[in-house]
Amino acid sequence: MEHIALTEKLEFSRIIAGCMRTLDAGMDGDKLRAFVHGCMDLGIDTFDHAPVYGAGKCEKIFGDEVLRKDPSLRDKMKIVTKAGIILPGQKGNSHIYYDSTKENILAEMDASLERLGTDHVDLLLIHRPDVLSNPQETAEALAQIVKEGKALNVGVSNYEPAQLEALQKYLPVKVVANQMEFSVKATYNFFNGVVDNAQMNQTGLMAWSPLGGGSVFKGEDEQSVRLRAEIQKIAEAHQVSMDVVMYAFVLRHPAKIMPITGTMNLDRVKNAVDALKLELTYDEWYAILAASRGFDVP
Ligand SMILES: NC(=O)c1ccc[n+]([C@@H]2O[C@H](COP(=O)([O-])OP(=O)(O)OC[C@H]3O[C@@H](n4cnc5c(N)ncnc54)[C@H](OP(=O)(O)O)[C@@H]3O)[C@@H](O)[C@H]2O)c1
């Protein structure tokens, strides 16, 4: 498995296993352990979490059933988690909101470590930009977390370039990664400076929902129907399944984007790994882009 170096000391497997659907996938301890071992056998050593996945339950089952049962696994894997989303009811609030205040980020970090059963994560991301946040204050929280060794590295998710730069200005350590939406369905982050900024600053890019949340397989909206027709054609030409082509679309970009799989079905995860062997041609890549947007580039 190819690895991407985010710093001199931090490398992620090119394919990352997402844990957002742990509960939906009906994972109990045995199934989750088999999933984690299966991923590691495929060369996937990086696992993506967030406190909001299952309102903390996804981190907790991973901590209780994987890391606490076999602590030797901890040093063999890289753990990513996030902070900064407050779900409805969590603090007596009626609406979901984002909170990147120092107090909240510090508290969320501690709560994640407790649930995950580890004394550090390899990467902590601010999950989404908090409109009311002061980047200097958020940076202070992240710097403190790194200084205390609770997160070895920090980064962001869903940040546009200016938001990332504002945070970076006050941070004594580098923002090593930005986790963004990239898929055949969602191509907007190729066009808004996110990728260019990452290439300029050598920031790692992780792709969430690399299969568009699964919608292309059965969606009846015009975009999904167009995409399905184009992707099926390319898949047949290469004798692979449609998901391989969709992962290959994300992998084709020279920014070396790391797809985060959403499925917890190992056969389907393996298709993401197989996609590393498929390099789409310019013609194929732009044909998918055209199917996604409904028009050719001018
Ligand atoms: N930073 C953020 O804001 C953010 C937001 C969303 C997600 N994430 C991260 O990104 C990860 C991936 O997100 P995602 O789950 O939306 O990813 P995704 O891969 O785009 O979608 C996963 C969905 O696709 C389905 N699927 C996968 N392979 C399939 C196949 N061959 N045939 C039919 N259906 C298939 C899965 O069904 P099955 O489960 O039945 O296989 C699942 O419902 C999450 O786990 C999380 O770690 C981050």
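Figures for the structure shown
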item	result
Nonlocal amide H pairs with residue 121, under 5 Å, H built at 1.01 Å	151, 152
Where Cα atoms sit under 24 Å apart: lysine pairs in region 40-131 separated by 8 or more or lying on different chains	17
Antiparallel DSSP beta bridges within region 3-214, as percent of all bridges there, nearest 5	20 percent
Size of charge dipole - region 3-214 - debye, nearest 20, with Cβ of Lys, Arg +1 and Asp, Glu -1, no other charges	180 debye
Cleavage-rule hits, chymotrypsin sites (Phe, Trp or Tyr not before Pro), region 214-298, DSSP coil, Cβ neighbours within 10 Å at most 11	295
Karplus-derived HN-Hα couplings along region 178-192 (A = 6.51, B = -1.76, C = 1.60, θ = phi - 60°), whole Hz, x at Gly and Pro	10, 9, 10, 7, 9, 6, 4, 7, 10, 9, 4, 6, 7, 10, 10
Built amide H within the under 5 Å cut-off of residue 206, gap 5+	178, 179, 180, 258
Relative contact order (percent, whole number), the chain, Cα cutoff 8 Å, 6+ residue spacing	16 percent
Translational diffusion of the chain, µm² s⁻¹ [Kirkwood Rh, Cα pairs; Stokes-Einstein; 37 °C; 0.692 mPa s]	167 µm²/s
Calculated FRET efficiency for the pair residue 232/residue 74, C-beta based, R₀ 30 Å, to 0.05	0.10
Among 265, 275, 213 the positive-end extreme of the charge dipole of region 199-298 (Cβ point charges)	265
Over region 1-148 - Rg/Rh using Cα atoms and the Kirkwood inverse-distance radius	0.97
Net +/- balance of residues flanking residue 238 in space, Cβ distance below 12 Å, scoring K and R +1, D and E -1	-2
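Computed from the coordinates by the stated procedures, all read-outs in this text should not be read as laboratory data. Everything quoted here is computed from the prediction, not taken from an experiment. Backbone-built Cβ (ideal geometry, glycine too); neighbour counts: all protein chains shown.
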